[in-house]
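Rule-based calculations on the coordinates, nothing more; no lab input. For clarity, every value in this text was computed on a predicted model and none was experimentally measured. Cβ coordinates were reconstructed from backbone atoms using ideal geometry, including for glycine residues, and neighbour counts include every protein chain displayed.
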Amino acid sequence: MPLSDHPPSARALCARLRFDARPSIRRSLVLWLVLPLALLVPATAFVFYRLALAPALDSLDHALDGTALALERLVRLDNGVLSLVVSRELDSALRADRYDDVHWVALGPDGHVLAGDRELATLGGLPSAVDWRFSDATYNQQPVRVALHSWTCIPAAPGRAAAQCEARVSETLNKRHGVAQQVLAAAASAMLVEALVLAMMGWIAIVRSLRPVESLSKDIEQRSPEHLGPVDRPGIPREVAPLVTALNDLFARVVTASAAEKAFIADAAHQLRTPLTVLRTETELALLEDHPPQLEGLLRRLHIATTRAARLANQLLSQARAEHERHNSAMERFDLKQIASEAAEEWVARSVDAGVDLGFELESARVDGHGFLLREMLANLLDNAINYAGHGARVTIRTGASPVSPDCAMLEVEDNGPGIPVDQRERAFERFQRGNAGGTGSGLGLSIVRDITAHHGAVAELLDGPGGVGLKVRVTFAPARSKT
Amino acid sequence: MIHRSPPPIAPIGVPPVRILLVEDDPLLSDSTARALRSQGWVVDCTERGEPVAVSVRQDPYDLLILDVGLAGIDGFETLRRVRAQGSDLPVLMLTARDAIEDRVRGLESGADDYLVKPFALSELVARSRALVRRNQARGGSVLSLGNLRMDLEARRAYIGEQELALAGREWSILQFMLSRTGKIVAKEQIIAAISNWDGTTSDNAIEVHVSRLRSKLEPAGLKIRTIRGFGYLLEEA
């Protein structure tokens with residue numbers, strides 16, 4: 001089974017460690033939702049504050065103005081003389097306020113003080129009063145609000161122009177500050193609650209709408225490389241559906257393309273066999289018949305090359321077949337002893353030809369598997385051993401319980417040939433990695449073995465051969481499911 | 001159409017082995033035929049399966065070598081027609097397919113053996129020889145290999161003209177091996193076979209008998225190869 005270059009866990013780990021500069025839907029949603037919210041909420045709070053504060057302040061102004069109006073009523077005009085008499089009780093009534101210091105003054109037409117606080121009369125920076133007006137000012141080093149009220153206190157008469165009087169009432173800003181604080185607190189808390197609710201809803205919306213995409217990609221990520229069936233997710237939202245459709249189309253095309261490719265390889269290998277058989281027979285015939293001695297070497301090399309090509313064609317075909325078998329047949333119970341016995345006829349003949357002593361140590365070893373694949377695996381192991389161990393070697397095929405655990409079945413093929421150095425053993429499982437020892441191997445044998453063992457959940461190991469010489473390939477199978 | 005080969009120069013009195021080769025690839029047919037002729041055998045060739053049933057009825061072939069993938073009727077059908085007329089001619093199937101089902105199908109439809117292309121010349125020759133021998137042995141009450149002859153009726157064995165003395169079990173074992181010339185015989189098979197004849201036998205006893213047989217057969221130029229942990233193979237040295 002081809003493994004991806006990096007295990008997903010390592011990839012995920014690295015992704016978490018560094019900032020991911022790729023565009024992100026989540027990030028842009030957050031940006032476009034939360035940033036405007038962060039700007040809009042304070043702005044709205046400010047407007048709310050201003051809108052709510054203005055009438056509150058107005059009503060306070062009008063209360064102040066009421067005092068000024070009261071002063072107007074108190075000013076008397078007797079025979080052209082203006083007078084304002086304020087008793088102590090009246091004065092304290094005018095100044096009565098729970099929170100603020102109230103000051104007042106009434107001014108005659110020429111600006112002289114009729115009654116009240118003189119300092120208020122000389123307060124600078126006040127606009128001239130027309131009917132009524134409000135202004136901010138500083139009185140006794142304290143900021144105050146001033147209501148200015150003017151009225152016609154001496155009506156026009158023949159020979160006399162009308163004259164205006166003015167009343168000024170000031171109060172400190174405690175009430176106003178209090179109101180402002182209350183309004184501000186109300187506006188801020190309302191907006192804060194709104195902002196929180198909006199942010200939360202936004203986050204939930206983002207997470208919820210991205211969840212199908214995430215689970216879809218997790219689904220695909222967790223697939224085995226062979227699994228190219230269509231993605232079937234009933235809960236896919238409309239927006240993601242085109243992506244799923246496109247993916248399924250792609251899967252279908254990949255399946256078709258890879259099937260076509262495999263069929264092509266199988267077909268090509270198949271077609272190669274007849275000409276290879278001719279070539280092989282002819283070279284063998286030429287070697288048997290009389291030939292000029294200088295051609296001997298050439299014929300031998302030709303024969304070796306042809307044999308190698310033939311084996312490669314066979315293995316390509318067997319790999320294509322194995323692939324097919326994997327997907328199209330169910331596992332059955334087999335005894336490795338039986339499979340090895342059946343292989344004896346063919347392999348003894350070959351080992352005799354190759355001058356190899358092939359021996360058997362067979363004990364019953366039950367496994368669940370595909371018969372074709374198990375035979376193919378054994379064939380590749382024996383082919384390798386006979387090929388690489390060379391003339392005069394001893395090759396032994398062994399089946400039985402694993403020496404590691406008696407519950408596990410095991411198949412071993414060992415030889416006392418040149419072996420494979422420990423540091424090159426892992427690489428030996430890769431495709432087209434041929435050993436150094438010449439031979440006529442195609443370099444596919446061990447890779448086929450590994451594919452087949454992986455498919456059976458078994459493990460193939462390369463170990464030292466008998467007495468530390470040569471090579472021992474041990475395939476250990478998971479315990480067969482108990483079946484009565 | 002059958003292409004007949006000129007008869008080889010064979011020892012007088014010994015009829016040459018005759019083989020019918022059915023293979024539709026002309027190149028492969030040609031080189032295979034030459035390989036077989038190099039053994040002194042007479043080889044007739046044809047590219048199609050249709051005439052095969054008729055010619056095996058007319059001519060006394062010793063072996064039919066049949067390619068599975070033929071134009072027209074395929075090898076399986078050809079074989080079925082041959083068997084349908086009651087012929088027990090040994091048949092070696094050549095197949096470019098190594099699907100186990102094909103082998104099984106071939107053997108079930110009456111093939112005696114099969115070879116997967118591309119095969120080694122030596123393998124083709126060895127399998128062909130084994131089939132021819134088995135066929136020749138099957139007919140009569142005499143089994144033979146090389147110099148060795150076993151007359152089953154008279155219960156006597158000869159190496160050349162010299163009678164070979166065999167103990168009871170040695171006789172049984174040798175007979176079993178000779179009846180399966182060219183095939184490996186597992187120890188268990190031997191035990192099963194001779195136990196039917198004369199009681200039970202142990203593994204060790206078989207080894208002793210075989211080792212005696214081995215020295216007795218040496219003058220005949222026959223060799224019993226031990227297949228370590230499995231059984232024996234009787235072959236000409």
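Annotations for the structure displayed:
- With distances taken between every two different alpha-carbon atoms, the range B:142-236 has a Kirkwood hydrodynamic radius of 13.2 Å.
- Label point of A:Leu40 set 7 angstrom out along Cα-Cβ; within the range A:199-218, amide nitrogens under 17 Å from it belong to A:199-206.
- Longest DSSP-loop-exposure-free segment, trypsin sites (Lys or Arg not before Pro), chain A, at most 11 other Cβ within 10 Å: A:239-480
- Pair-distance profile P(r), taking every C-alpha pair of chain B, with 10 angstrom steps and integer %: 7, 29, 31, 22, 10, 1
- Among the listed pairs B:Lys117/B:Lys187; A:Lys337/B:Lys216; A:Lys262/A:Lys337; B:Lys187/B:Lys216, those beyond 28 Å (Cα-Cα): B:Lys117/B:Lys187; A:Lys337/B:Lys216; A:Lys262/A:Lys337
- Under 5 Å, built H, 5+ apart or other chain: amide partners of A:Leu362: A:Thr399
- For A:Leu126, the amide hydrogen comes within under 5 Å of no other amide hydrogen, counting only partners 5 or more places away or on other chains and with H modelled in the peptide plane.
- For A:Cys153, the residues whose amide H sits under 5 Å from its own are A:Ala163, A:Gln164, A:Cys165, ignoring neighbours fewer than 5 places away on the same chain, with H placed 1.01 Å from N.
- Radius ratio Rg over Rh of chain A, counting only Cα atoms, Kirkwood formula for Rh: 1.55
- Ascending count of other beta-carbon atoms within 10 Å, so fewest first, for A:Ser329, A:Ser351, A:Ser170, B:Ser215: B:Ser215, A:Ser329, A:Ser351, A:Ser170
- Cα-only radius of gyration and Dmax that characterise the range A:330-484, units Å: 14.6, 48
- Proxy reagent accessibility, fewest Cβ within 10 Å first, across A:Met201, B:Met93, A:Met191, A:Met331: A:Met201, A:Met331, A:Met191, B:Met93
- Residue order, fewest to most surrounding Cβ atoms within 10 angstrom, among A:Cys165, A:Cys408: A:Cys408, A:Cys165
- Within the range A:305-381, the GluC sites (Glu not before Pro) that combine a DSSP coil assignment with at most 14 other C-beta atoms in a 10 angstrom radius are A:Glu363.
- Taking a ≥ b ≥ c as the square roots of the eigenvalues of the alpha carbon gyration tensor, the range A:70-166 is oblate, as a/c is not under 1.5 and a/b does not beat b/c.
- Using the alpha carbons alone, the radius of gyration of the range A:224-328 stands to its Kirkwood radius in an Rg to Rh ratio of 1.34.
- Converting the Cα gyration tensor eigenvalues of the range B:18-139 into ellipsoid dimensions via √(5λ) gives semi-axes, longest first, of 18, 17, 15 Å.
- Full-extension gain in nm, A:Asp267 to A:Glu461, via 0.36 nm per residue minus C-alpha separation: 66.6 nm
- Where GluC sites (Glu not before Pro) in DSSP loops with at most 15 other Cβ within 10 Å are excluded, longest remaining stretch of chain B: B:1-152
- Förster radius 51 Å - calculated FRET efficiency between A:Ala259 and A:Val47, Cβ distance, rounded to 0.05: 0.15
- Helix A:174-221 and the longest principal axis of the Cα set of chain A meet at an angle near 10°.
- In order along the range A:306-321, phi translates into HN-Hα couplings of 5, 4, 5, 4, 5, 5, 4, 4, 4, 6, 4, 5, 5, 5, 4, 5 Hz, rounded to whole numbers, per the Karplus curve 6.51 cos²θ - 1.76 cosθ + 1.60 with θ = phi - 60° and x for Gly and Pro.
- Divide the volume of the convex hull around the Cα atoms of the range A:23-222 by the residue count and you get 164 Å³ per residue.
- Once the Cβ-Cβ distance of A:Arg427 and A:Glu345 is raised to the sixth power relative to R0 = 45 Å, the FRET efficiency obtained is 0.85.
- Pairwise label distance in nanometres, A:Ala54 with A:Glu221, each label 7 Å out on the Cα-Cβ vector: 5.5
- Over the protein assembly as shown: helical MRE at 222 nm, DSSP H runs n ≥ 4 each giving -39500 (n - 2.57), nearest 500: -16500 deg cm²/dmol
- For chain A, the longest site-free run once chymotrypsin sites (Phe, Trp or Tyr not before Pro) in DSSP loop states with at most 10 other Cβ atoms within 10 Å are removed: A:20-431
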